[in-house]
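I have placed the structure first, in the form of structure tokens, so that the comments after it can refer back to it.
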Amino acid sequence: MSIFRKLGWFFKEEKKHYIIGVLSLMVVAIVQLVPPKVIGIIIDKIAEDRVDLNSVLLWVGLLLLSAVAQYTFRFIWRTNIWGSAARLERSLRRQLFQHFTQMDHLFYQKFRTGDLMAHATNDLSAIQNVAGAGILTFADSIITGGMTIIAMIIFVDWRLTLIALIPLPLLAVASRVLGSKLHNAFRSSQAAFSDINDKAQESITGMKVIKTFGQEKEDIAEFNTKVNQAIKKNGRVNFLEALFDPTITIIIGLSYVLTMIVGGQFILKDVVTVGQLVTFVSYIGMLVWPMFAIGRLFNVLERGNASYDRVSDLLREKTHIVETFNARKSPAKGSISIDIEAFIYPNAEVAALKNINVTINEGDVLGIVGKTGAGKTTLLKLLMREYDNYEGNITFDKDDIKHYTLDALLQSIGYVPQDHFLFSMNIADNIRFSDPMLSQEKVEEAADLAAIHQDIEQFTEGYETMVGERGVSLSGGQKQRISIARALITNPELLILDDALSAVDAKTEEGILSKLKQHRQNKTTIITAHRLSSVMHAQEILVLDEGRITERGTHEQLLAAKGWYQKMWEKQQLEAKIEGGDQ
């Protein structure tokens, strides 16, 4: 029952609707007592040979009135109780999704996509059932059961009622034992469902790689293993659930046996009439639903309790990126200064960055190059506040970036990541994603800057072309340039291209960089790249190796230094000549 306490905040909000629903349930429970009583009266009248047309019409009319009343009040409780349950699901979905949008990089490293999807689907449905089926079953079992027992005492005999109820305490014992085991079993079952979700999402996303390496059979085998594990754990849940109904059936059966034995004796002694015994047996039949409802109630509550704990654990997760009190809300602009003594990733032992010092004047271009894993992307993550646990400071317009609100900082930054992500919408909407109200003219201007406008014009549906999930219908270079257009459309104070020109040819790259130089004369740009031609026109170029700056200067200065940069430049120039010769 602890789940009701946990959802107390919601029941207070929906108090009016639940009161109306429960009162309607109470009316239905009272009205349901009429038909068995009427049937008993009619049987006694038949036994006494006192039946006439007027009395039959009266009792039939009362039965019809009872049916109409039950229909009306059932409609009222359904709309109020189920309506409230739907509002709980809506509220929790909003909370959960908003929570997802506020979480940082560490959160998404800790939780898998499939697990988060399971929280947002199965778990929320189980919680909704508590507010709907749970409340209904709880109230209905108590009200219907209580009213029926009272009717048995008033309309028949209190001694017979007590005798019939003797087996019922066994139900409480069985429910307590099975309920505790069901809670643990269902939590384990939900975790298994999360594993299946995660595996399915991963396999679908990486299907091209799976097929390329011929791993279909192995992947299916791994998926089947997870499914079998889930079935095994669900089997445990189903086994425990299945024990409820037979237990209740046995208990109700014992009540019937005691009733028939004792009731027969009472008829012989003229304590009750035949009609009263028929009414009493009908009332025992009405107790079957409350008894079964109690079994279902424990099932619903334990499922909901386990799911609520899982969702609550998720909502208690805190982002490590915290805005300071009275943080600056005006857009970040101006020169950028980076002074990082050391940065170590959580749970890592070796510093990913060390002794990084650089100033980027407003309107300048900074190039960052180095081997894979040198720390280029890590530096950009700090600049965008994906991590705050570094020694040193980063300032934007002489203010520490930690003193800006996240909106003020990030809205001033246009970022094109290495992994280009496009949404399942048309090209125009992908480009204007940061501001859906931007005009088509702005969209085409950004596309032209990114050298993708002509490609789009050649599509049958032009800018209305649907890109498919994650841009599956486009080439790597097209996705890359659309991502660049999306970053450029707001004309950000700082444009970050994180190896964002790797999928385009050298001629296209040169065209894009030339347009950016003209268009962004007063705006700052940071370019990380493996291809050195991407950064050769930068005001300063940093060469990183194992998180440290090993070389710095202009393109000409670095060539003259005859270090890693000069060797890599000659190597890439030679590769370009060979490729040109092959063509």
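To keep it simple, each residue is scored yes or no on (1) without any contact (Cβ under 8 Å) to a residue 12 or more places away in the chain; (2) of a type in the set (D, E); (3) closer than 30 Å to L406 by Cα.
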{"residue": "R90", "(1), (2), (3)": "yes, no, yes"}
{"residue": "G114", "(1), (2), (3)": "no, no, yes"}
{"residue": "M117", "(1), (2), (3)": "no, no, yes"}
{"residue": "T144", "(1), (2), (3)": "no, no, no"}
{"residue": "I150", "(1), (2), (3)": "yes, no, no"}
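Can you tell me which residue in the stretch 427-455 is farthest from the chain's Cα centre (by Cα), limited to those that are over 13 Å from R486 (Cβ atoms) and of a type outside the set (D, E, K, R)?
Only one residue tops the list, namely Q454.
Restricting to the stretch 376-409, and then to whatever is in contact (Cβ under 8 Å) with a residue 60 or more places away in the chain and of a type in the set (S, T, Y), can you tell me which residue is surrounded by the most Cβ atoms within 10 Å (Cβ to Cβ)?
Only one residue tops the list, namely Y404.
Hey, among R176, R187, R159, which residue is part of a helix (DSSP H, G or I), among the charged types (D, E, K, R) and at pLDDT 75 or above?
Of R176, R187, R159, the one residue that is part of a helix (DSSP H, G or I), among the charged types (D, E, K, R) and at pLDDT 75 or above is R159.
Can you name the residue in the stretch 551-569 that is of a type outside the set (D, E, K, R) and touching a Phe, Trp or Tyr at 6+ places or on another chain (Cβ under 7 Å) and, of all such residues, is farthest from L380 (Cα to Cα)?
Per the stated criteria, the residue is L559.
Can S412 be described as touching a residue at least 12 places away in the same chain (Cβ under 8 Å), of a type in the set (S, T, Y) and touching a Pro at 6+ places or on another chain (Cβ under 8 Å)?
Yes; evaluated as a whole, the condition is true for this residue.
Take I340 and decide whether it is under 22 Å from E391 (Cα atoms), part of a strand (DSSP E or B) and in contact (Cβ under 8 Å) with a residue 40 or more places away in the chain.
Spelling it out, I340 is indeed under 22 Å from E391 (Cα atoms), part of a strand (DSSP E or B) and in contact (Cβ under 8 Å) with a residue 40 or more places away in the chain.
Could you tell me whether any residue of the stretch 298-311 is surrounded by fewer than 16 Cβ atoms within 10 Å (Cβ to Cβ) and touching a residue at least 40 places away in the same chain (Cβ under 8 Å)?
Taking every residue of the stretch 298-311 in turn, none turns out to be surrounded by fewer than 16 Cβ atoms within 10 Å (Cβ to Cβ) and touching a residue at least 40 places away in the same chain (Cβ under 8 Å).
Kindly indicate whether V350 is at pLDDT 85 or above and surrounded by 17 or more Cβ atoms within 10 Å (Cβ to Cβ).
No: the conditions fail for V350.
Restrict the check to the stretch 353-364 and report whether at least one residue is farther than 17 Å from I541 by Cβ, part of a loop (DSSP other than H, G, I, E, B) and among the acidic types (D, E).
The answer is yes; a qualifying residue exists.
I'm checking my understanding of the structure. Among residues of the stretch 208-217 that are in a helix (DSSP H, G or I) and modelled with pLDDT under 75, which one is farthest from the chain's Cα centre (by Cα)?
It comes out as T212.
The values are calculated or read from the model by the stated rules, or taken from the named source; none is laboratory data. Keep in mind the model is a prediction, meaning the values are calculated, not measured. As a convention, Cβ positions derive from the backbone with ideal geometry for all residues, glycine included, and neighbour counts pool all protein chains shown.
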